[in-house]
Structure formats: structure tokens, C-alpha cells
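The next block holds one structure in the form of C-alpha cells; read it before the comments.
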Amino acid sequence: MTKQVIKTIVVDDEPLARKGLRARLERHEDVQVLAECQNGLEAVSSISQHRPDLVFLDIQMPGLNGFQVIHKLRELKQPIPMIVFVTAYDSYAIKAFDVHALDYLLKPADDERLGAALNKVREYFSTQHQDEQSQKLVSLVAELTGDDCEEILRKLANGEPVETNPYPDVLAIKDGSEVTRVNVQDIQWIDAAGDYMCVHALDGMHIMRKTMKELEQELNPQFFVRVHRSAIANIRFVKKLVSHISGEYHLILQNDTELKVSRSHRDKVKAAMKM
């Protein structure tokens, strides 16, 4: 009997991790890697386009994290493929995913653990239980968009309730192998520097690779407002809005930082300040 080919997509923001996982997967004759994705937005697009059977999905990624990818697929009413989560959070992930009967790989993935995960996938397909796995997955991540990934896993592992606030309380900023947790309420303003965002918070400036549009969507619009093509301000740190003879407006923050307000964003800024 011919083995069923498992059409697969690999999603990870680290190029070496993607390359290593793909090389290991290609040793399995019944696995066909359709695509690689380097962030959550690419993953949503690729999954919608290719309709894979299986996705190896990194949890901590720029733009949309692994949980948010699944949430977005549900919003778009796209079928949820089999998911094997890929995570570096070994302290919480093992217990969290074991409790919910979902599979995972710890970075860096090894051949033995990958083989076990693929065997579980094959078993699901052979017994037609993939719908059951999808339901477990959906019940786990349907509302998990409010916290950063490590906090979600900690709560799941400890049986704590998970908040459903769509806006995060903490911004996880990745720098190489380090992740810095910045309290969102401490962010004063954000400006763009090429392909990077400069996040100015009470504890200093942090650099992250994310687009201004992605950050604008991620932050609570009740407090964060786009003031310019390349700047977002936290209204809680605004001291005053100043108009100049030229017709230009500027925001003055509590630390005396001055941000120009573009004409296209002027009305939104005034509304946010309840002027």
C-alpha cells in the first residue's frame, strides 16, 4: 500500500532552525515540505494557499506568534491543519502541551523526537482523528492573544485562567538569543529606523524588528495612537498638543520629547486626547 504523503509547512523566524528541521523532514519519504515561512503573517498566507496536512509552527515569532496564527486562520474560516508546535520554552511547554494532548518539539529538534512526532501524526491520519486534534488545538488557542507566549504557557502549565484581552500587557522583544519583556504601559513612544522599530520605554530604548503597521495593530488604540507615518505615541505620556503658525501640530511628551503630527493623523490624535 502506498503511504499517504504528508504535505508540510515549516514556520520559524530563525533561518538555521528552518533549514535544520527541513533537512530532517526530508529524510522521511512520506513527508513533502511545501514551503518555509519566517513569520506569522507569511504562515497565514502560505497555509491558506497550500492547505497543508501538517505545520511545524514556531511559537515566538515577530508579527503574529504561533497562537495568533491559529487564531487568524479561524477568523478567516480556513481549515486548521495538524500542528506540531516548536518552542524553546521547555520549562512550561512540556507540561502545557502534554496536558492538552498536543505535540511539540523543543529547540533544537533531534531526529528521535521528530520521528516520534511524525509517528503520532501518521497515527492520527490513519485513524481519522485529525478533527479531534484540531478541536483540542482550537479550544487551547482560540482566545490566547492577550499575553506573550511564555506567560501563556506558564498559565496553561499551572492550570491558571488565561486572559482574553486582545492587546498584550507585555511586549516581548527578541534580540538574538535573548528576549526582553517590556511592560506596554511603560512605552512612551515608538519610532521607525529603517527596518527596525525603536521602542522608547521608561527603562530605556529597545530595538525590535517589526513593522509600524504590525505594532499599531498589536497595541491598544485606547492609549496608542499613530501620529506620523513613522511614529506612535502613548497618550498617557503626552503633556500637550501644540499648534504652530505654519499649521503644523506637535505632541510634547512628559519628558519633553517632541513628535510631529502629520496632517493625515491630526484628527485621530485630537480625538485620542479628547480635544
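The values are calculated or read from the model by the stated rules, or taken from the named source; none is laboratory data. Quick caveat, the model's predicted, so the values are computed rather than measured. Heads up, the Cβs are rebuilt from the backbone with ideal geometry, glycines too, and the neighbour counts pull from every protein chain shown. Only protein heavy atoms, including side chains, enter the accessible area calculation; ligands, DNA and RNA are left aside. Shrake-Rupley method; radii C 1.70, N 1.55, O 1.52, S 1.80 Å.
For the range 1-63, rounded, prolate or oblate, judged on the Cα gyration tensor with a ≥ b ≥ c (square roots of eigenvalues), a/c < 1.5 rounded, else prolate if a/b > b/c? Verdict is oblate for the range 1-63. Averaged per residue, the range 170-273 has 55 square angstrom of accessible surface, using a 1.4 angstrom probe with ligands and nucleic acids left out.
How much length would be gained if the chain were fully extended between residue 169 and residue 243, taking 0.36 nm per residue of separation minus their Cα-Cα distance, in nm to one decimal? Before the final figure, lay out the partial values.
Numbers: separation 74, 0.36 × 74 = 26.64 nm, distance 3.25 nm.
Extra length available between residue 169 and residue 243 comes to 23.4 nm.
Using mean Cβ contacts within 10 Å as the protection proxy, how do 228-234, 24-30 order, highest first? Don't skip to the answer; put the middle values down first.
Working: 228-234: 18.9, 24-30: 13.6.
By packing density, highest mean first, the sequence is 228-234, 24-30.
Listed values for the range 180-186 are Karplus-derived 3J(HN,Hα) couplings in whole Hz (6.51 cos²θ - 1.76 cosθ + 1.60, θ = phi - 60°), namely 9, 9, 10, 5, 4, 5, 8, and x replaces Gly and Pro. One chain, two ends: residue 211 and residue 49. Fully extended at 0.36 nm per residue, the span grows by 56.0 nm beyond their Cα-Cα distance.
What's the long-distance tail for the range 170-273, i.e. % of Cα pairs beyond 19 Å? Can you show the working numbers first?
Numbers: 2117 of 5356 pairs.
For the range 170-273, the share of Cα pairs beyond 19 Å comes to 40 percent.
Derived scalar couplings between HN and Hα for the range 38-49 equal 9, 7, x, 5, 4, 4, 4, 5, 5, 5, 5, 6 Hz in order, rounded to whole Hz, by the Karplus curve 6.51 cos²θ - 1.76 cosθ + 1.60 (θ = phi - 60°), x for Gly and Pro.
Using the beta-carbon distance between residue 74 and residue 266 and R0 = 51 Å, what value does 1/(1 + (r/R0)^6) give for FRET efficiency, to the nearest 0.05? Don't skip to the answer; put the middle values down first.
Values: r = 36 Å, r/R0 = 0.71.
The formula returns an efficiency of 0.90 here.
What is the total of Lys pairs in the range 170-273 with C-alpha atoms under 22 Å apart, excluding same-chain pairs fewer than 8 positions apart? Total qualifying Lys-Lys pairs in the range 170-273 comes to 14.
For the peptides 4-15, 210-221, residues were scored by their other Cβ atoms within 10 Å and the scores averaged per peptide; the highest-first order is 4-15, 210-221. Between the alpha-carbon centres of the range 23-58 and the range 160-232 there is a gap of 28 Å.
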